[in-house]
Amino acid sequence: MKRKKNIWEGLIIGIFIFLVIVPILTILVWVGTERWAWPSLIPQKFSMRAVNGILRNRQQLVRLCMSSLFISASVAFLSVVIGTMTARALECYDFFGKRLFSFMSMLPFLVPGTVFAMGVQITFIKCGLSGTVQGVIIVHLICSLPYAVTLMQDGTRAMGVKLEEQARVLGAGALQAFFKVTLPNLFPVMLSAFSMAFVVSFSQYFLTLMIGGGNVKTFAIVMVPYLGSGERNFASIYSVIFLVIMLLVFGILEWIVGCFTKAQEVEYY
Amino acid sequence: MKKKMTPYILLVPQLILGVVFIIGLGTGIIQSLGVIPAFGLTEPTLKYYKEVLTRPDLLQSLKYSLYIAFMSAFLATVTGTFLCAVLVSAGKVRGIIMRIVQIPIIVPHVVVALFIVNILSQNGILARILANAGLITDQQQFPMLIYDRYGLGVILAYLWKEIPFIIYFVIALMANINGSLGEAATNLGANKLQAFMKVTLPLCMNTVLSGFLIIFVFALGAYELPFILGATTPKALPVLAYLEYTKPDLRARPYAMAINGILIVISLIAAVLYYILLRRSTKKLAG
Amino acid sequence: MKKRIAALLLSTVMAFSLTACGNSAKTEKADNKETKQTTETVEDMSFDEMVDAAKGTTVTFYGWGGDDSLNDWLDNYYAPRLKEKYDITLERVPMDIDAILSQLSGEISADKKDGDIDMIWINGENFKTCKENNMLYGPFAEELPNFQSYIDTDDEETNADFCFPIEGYEAPYGKAQLVMIADTAVTPDLPTNTDEFMEFCKANKGKVTYPELPDFTGSAFVRNVIYDICGYEQFMDMEADKETVKAAIEPALEYLRELNPYLWNEGKTFPKDSTALTNMYSDGEVVMDISYGAYSTATNIENGTYTETSQSFQFDKGTIGNTNYIAIAANSGNVAGAQVAINEMLDPEVQADRFAEIRTIPVVDYNKLNDTQKEAFDKVEIGKGVIPQDELLSKRLPEMPSALVPIIEEIWAEEVVGK
């Protein structure tokens with residue numbers, strides 16, 4: 001009985017993985033393809049045009065990647081810190097205005113990005129924040145934070161305050177209890193929140209342009225015009241680079257989680 | 001006293017960002033009321049909302065958008081939760097499989113559109129395989145899976161991207177619950193399925209519902225996929241807003257903002273519904 | 001209490017990290033400011049004074065960024081040339097025109113001096129909107145030395161953009177003309193007017209289409225059909241009134257409706273833009289492509305995107321041509337640098353290189369060039385599949401007033417799609 005179920009599980013996971021991977025393979029093929037006409041299953045004309053285009057601009061691209069990584073990592077870090085604080089306030093305390101705060105933390109999910117971008121641009125120009133890195137970080141943060149808060153809230157709720165209270169009973173100070181007991185337990189969720197915030201920030205195009213005003217350049221600003229340009233080989237190669245960067249970041253994060261969870265088995269509830 | 005202040009202190013940075021957001025949103029909404037001094041528009045008016053709401057294509061677009069958003073969110077949530085359960089049950093919550101699950105989350109929407117076209121169009125790989133197998137002789141015999149009135153291509157594209165999102169969103173929590181409580185339930189005599197349905201799933205429900213809401217609202221407001229993969233008519237609401245927005249005449253911008261205003265109202269209604277559901281499910285759990 | 005300390009700590013960390021990156025950005029900004037000058041003085045400057053003022057500055061160039069060969073040419077020919085000759089750093093910002101207008105109008109609403117945007121790639125209705133809303137700097141174009149030496153001032157397109165007077169608020173950048181492309185190995189007979197085009201569609205049922213309006217190319221194609229059926233002269237001074245326009249284009253609408261059953265997907269759905277159509281042509285899903293880049297056929301054959309036997313063609317009565325331009329933002333922080341850069345774009349050597357590298361129809365007047373300059377243009381091999389330049393330009397039809405364009409697009413959506 002058990003064995004049979006495992007076959008089904010394997011099959012379902014297998015189909016799912018197949019459906020995820022095959023489309024990715026088509027963009028890999030398109031990186032080196034110029035023409036792929038009906039009804040052939042193999043492209044008729046290969047070329048290195050897109051690859052060469054990237055290689056020509058490699059210096060600029062490396063520079064862009066570095067600045068993007070810096071911005072997105074800052075955003076993700078701040079999202080996790082603020083997300084943890086907000087989640088803690090909303091999950092562990094009862095206070096006046098709680099529901100309002102909870103709603104406010106979710107609000108950015110509900111509004112199309114362009115509406116917010118065009119509105120906030122004028123405000124930022126007036127505050128002197130437009131065209132600056134910190135301005136871009138703040139707007140990215142606004143978009144990433146709801147994801148971080150949602151994930152951290154779930155994590156905090158799942159863990160509850162019991163462990164920390166136990167530590168307090170055993171004589172630990174509040175701060176000690178938080179840093180020694182709660183924080184390590186929240187760590188895996190924090191890393192999920194970090195990755196999510198990182199992705200959201202790294203993909204921002206319109207907001208970065210509106211607030212950065214061309215002064216703050218990120219990888220997305222160069223990539224997105226190609227994605228819509230119809231030159232499929234260029235669109236594909238930029239997507240592939242984008243994917244590789246993201247997977248590297250995720251891989252490093254997962255490695256960190258691995259190190260931590262090995263040292264300390266985490267249990268919710 | 002100290003304890004009373006703690007949550008507020010914790011919320012300070014959230015509050016600051018929230019205020020910035022609301023200022024931005026407010027300025028956007030003022031634009032939908034036709035106040036853009038730079039283009040010589042200064043009088044607030046509801047004219048744009050009225051005109052937008054009386055457009056002959058509006059109702060159809062609204063229905064189409066709601067349909068796409070609901071179908072995408074619903075199917076993604078159900079399938080995602082199911083796959084998540086399978087992954088948890090098979091013990092594959094980390095490592096290479098999760099790495100693969102993460103891929104669609106990071107692929108930009110425009111690229112998803114690209115390979116949906118690559119694979120499902122009348123000229124795509126599926127059609128070519130059928131043609132090479134001799135099952136069809138002409139592209140036009142292949143069914144129109146994208147650019148169709150039923151938004152099939154758009155929904156499939158969202159599913160490809162959002163099912164993994166749900167898995168990613170839920171799996172850490174589900175794995176932990178299943179690991180501790182689920183085991184306890186199994187020890188108490190429940191079978192795996194019962195343990196999942198009675199213990200794990202209800203405890204994950206809030207997160208699953210958040211996931212549904214996020215996808216629904218996103219699919220309702222985003223223009224990229226319906227713009228690229230949708231039919232010429234009907235057009236999704238955000239596509240109408242986008243087209244108004246890209247009109248060179250800047251005085252058309254308030255129309256775009258008014259359509260977005262309508263989208264925000266619908267999103268808010270969805271959010272309120274979500275909160276009601278959330279409170280009910282929390283009560284149920286508590287009771 | 002200790003929790004409060006923790007919270008405080010966290011927020012200080014945040015504040016610190018914000019100010020830390022803030023500082024570096026600020027110093028960068030300050031550096032920029034030193035090198036930019038205010039607009040007041042520039043108006044009285046001679047060109048040589050502008051060259052001096054522009055030395056060591058950065059000029060931003062905002063425009064569509066999806067064409068790799070153009071980006072490459074700007075980054076690797078034009079930018080280094082500006083750097084070497086004038087010590088100007090060109091910063092290309094890839095951005096769609098609607099986003100550029102958003103940013104510019106935002107900056108102007110917020111009364112931002114020393115704005116981020118210097119040069120803008122623009123034309124048509126967008127230009128009209130910007131000029132009417134005082135979002136552009138000018139007049140400047142006619143003062144530029146290369147404009148005076150090499151631009152044909154009698155040319156309609158030098159003076160008006162979609163029939164809207166330019167008055168020195170933008171300088172020509174490149175010329176475009178609508179062409180249709182088909183593979184002569186697949187369809188040997190190419191239509192030369194709308195009647196033959198109808199037969200062409202019938203013969204290739206389901207394999208011809210055009211981009212959905214308001215796509216720039218799709219819209220131009222429909223206008224071209226209207227010109228072919230209704231003539232173009234009547235539109236040049238037509239009132240921008242929906243009923244008037246509809247009455248005038250009724251025969252063309254009738255024709256387009258009649259065309260629908262023979263089109264791709266029976267005219268119920270159209271490709272969303274010209275790039276989608278180009279991909280469909282390249283994949284063999286349709287047999288005809290439409291392009292505004294009159295010589296893009298040649299580069300596409302060289303890349304292998306098109307088959308070797310692809311050939312561009314136009315109707316006997318001609319196809320629509322227009323010029324695209326460079327304007328300067330009203331609040332630009334570097335007006336002098338922008339003018340020096342635009343002047344350099346009009347240099348025959350630059351135009352010849354652009355013609356050779358990416359086959360853009362030049363904007364300089366051939367008759368005003370000296371022999372060496374002429375030679376630079378003459379020796380350019382345009383490549384395969386194109387219409388010879390003299391024939392192409394002899395069948396060049398003017399754009400109609402830009403106010404009519406959105407009206408036609410609206411009528412098309414109501415009267416043609418799915419009918």
- Item | Near pairs, Cβ below 7 angstrom, 6+ apart or cross-chain, from the range B:84-102 (among the basic types (Lys, Arg)) to any residue that is modelled with pLDDT of 85 or more | B:Lys92/A:Ile13; B:Arg99/A:Leu247
- Reported set for the range B:1-19 where residues are over 18 Å from A:Phe77 (Cα atoms), of a type in the set (A, V, I, L, M, F, W, C) and at pLDDT 85 or above is B:Ile9, B:Val19
- Task: Could you give me the residue pairs with C-beta distances under 9 Å whose first residue belongs to the range B:172-194 and is loosely packed, with under 12 Cβ neighbours inside 10 Å, whose second residue is assigned to a helix (DSSP H, G or I) wherever it lies, and which are 6+ apart or on separate chains?
- Result: B:Leu188/B:Ala195
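I'd like to check which strands (runs of 3 or more DSSP E) are fully inside the range C:108-197 and have at least 2 residues that are within 14 Å of chain B (Cβ to nearest Cβ).
Working: elements: C:119-122, C:170-177, C:179-183.
Strands (runs of 3 or more DSSP E) meeting the threshold: C:119-122.
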- In the range A:197-224, what count of residues is obtained for those that are at the interface with another protein chain (Cβ under 7 Å from one of its Cβ atoms), in contact with a Leu (Cβ under 7 Å, 6 or more places away or on another chain) and not β-branched (Val, Ile, Thr)? 0
- Task: Spot the failing condition for C:Gly284; the list is (1) surrounded by fewer than 21 Cβ atoms within 10 Å (Cβ to Cβ); (2) within 14 Å of chain A (Cβ to nearest Cβ); (3) out of contact with any Pro (no Cβ under 9 Å at 6 or more places or on another chain), and only one is missed.
- Result: (3)
- Item | Residue among C:Gly124, C:Gly115, C:Gly63 that is touching a residue at least 60 places away in the same chain (Cβ under 8 Å) and either under 22 Å from the mean Cα position of the chain (by Cα) or under 26 Å from C:Thr275 (Cα atoms) (or both) | C:Gly124
- Task: Within the range C:188-203, identify whether any single residue is crowded, with 17+ Cβ neighbours inside 10 Å, over 20 Å from C:Ala220 (Cβ atoms) and touching a strand residue (DSSP E or B) at 6+ places or on another chain (Cβ under 9 Å), and answer yes or no.
- Result: no
- Subset of the range C:306-343 [surrounded by fewer than 24 Cβ atoms within 10 Å (Cβ to Cβ), more than 29 Å from C:Ser402 (Cα to Cα) and not acidic (Asp, Glu)]: C:Thr307, C:Thr309, C:Ser310, C:Gln311
- Task: Give C:Thr184, C:Thr269, C:Thr194 a once-over and let me know the one that is in contact with a helix residue (DSSP H, G or I) (Cβ under 6 Å, 6 or more places away or on another chain) and not aromatic (Phe, Trp, Tyr).
- Result: C:Thr194
- Would you be able to tell me the number of residues in the range A:225-238 that are more than 7 Å from chain C (Cβ to nearest Cβ) and either surrounded by fewer than 23 Cβ atoms within 10 Å (Cβ to Cβ) or modelled with pLDDT under 85 (or both)? 1
- Task: Within the range A:60-106, track down each residue that is hydroxyl-bearing (Ser, Thr, Tyr) and in contact (Cβ under 8 Å) with a residue 40 or more places away in the chain.
- Result: A:Ser67, A:Ser68, A:Ser72, A:Ser74, A:Ser79, A:Thr84, A:Thr86, A:Ser105
- Could you tell me whether any residue of the range A:248-268 is touching a helix residue (DSSP H, G or I) at 6+ places or on another chain (Cβ under 8 Å), within 14 Å of chain C (Cβ to nearest Cβ) and not in a helix (DSSP H, G or I)? no
- Message: So if I check each of B:Ala185, B:Ala222, B:Ala190, which one is away from chain C (no Cβ under 14 Å) and within 14 Å of the chain's Cα centre (by Cα)?
- Response: B:Ala222
- Message: Can you find a residue that is under 12 Å from the mean Cα position of the chain (by Cα), assigned to a helix (DSSP H, G or I) and touching a residue at least 24 places away in the same chain (Cβ under 8 Å) anywhere in the range A:132-140?
- Response: yes
- Message: Looking at the range A:240-252 only, could you name the residues that are surrounded by fewer than 17 Cβ atoms within 10 Å (Cβ to Cβ) and either touching a strand residue (DSSP E or B) at 6+ places or on another chain (Cβ under 6 Å) or at pLDDT below 85 (or both)?
- Response: A:Gly251
- Taking the range A:170-196 and keeping only residues that are within 14 Å of chain C (Cβ to nearest Cβ) and aliphatic (A, V, I, L, M), one is left with A:Ala172, A:Ala174, A:Leu175, A:Ala177, A:Val181, A:Leu183, A:Leu186, A:Met190
- Within the set of pairs 6+ apart or on separate chains, which have a first residue in the range C:360-379 that is not assigned by TED's automatic domain parsing to the domain that holds C:Glu156 and modelled with pLDDT of 90 or more, a second that is among the hydrophobic types (A, V, I, L, M, F, W, C) and loosely packed, with under 10 Cβ neighbours inside 10 Å, and C-beta atoms under 6 Å apart? none
- Note on the structure: Residue hits (the range B:129-145; farther than 16 Å from C:Thr269 by Cβ and touching a helix residue (DSSP H, G or I) at 6+ places or on another chain (Cβ under 9 Å)) are B:Leu130, B:Ala131, B:Leu135, B:Ile136, B:Thr137, B:Asp138, B:Gln141
- Do we have A:Val222 as under 17 Å from the mean Cα position of the chain (by Cα) and modelled with pLDDT of 80 or more here? no
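Looking only at residues in the range C:92-107 that are aliphatic (A, V, I, L, M) and more than 7 Å from every other protein chain (Cβ to nearest Cβ), which one is farthest from C:Leu74 (Cα to Cα)?
Per the criteria, the residue is C:Leu104.
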- Task: Check the range A:48-68 and report whether any residue there is facing chain C (nearest Cβ under 9 Å), more than 16 Å from A:Tyr238 (Cα to Cα) and part of a helix (DSSP H, G or I).
- Result: no
- Item | Conditions (1) closer than 14 Å to A:Phe206 by Cα; (2) aliphatic (A, V, I, L, M); (3) more than 9 Å from chain B (Cβ to nearest Cβ); number of the one not met by A:Val120 | (3)
- Sole residue being part of a helix (DSSP H, G or I) and surrounded by fewer than 24 Cβ atoms within 10 Å (Cβ to Cβ), chosen from B:Tyr150, B:Tyr242: B:Tyr242
- Looking at this structure, is A:Gly135 farther than 23 Å from B:Ser210 by Cα and at the interface with chain B (Cβ under 7 Å from one of its Cβ atoms)? no
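The values are calculated or read from the model by the stated rules, or taken from the named source; none is laboratory data. All of these numbers come straight from a predicted model, not from anything done at the bench. Cβ sites come from the backbone with ideal geometry, for glycine too, and all protein chains shown count toward neighbours.
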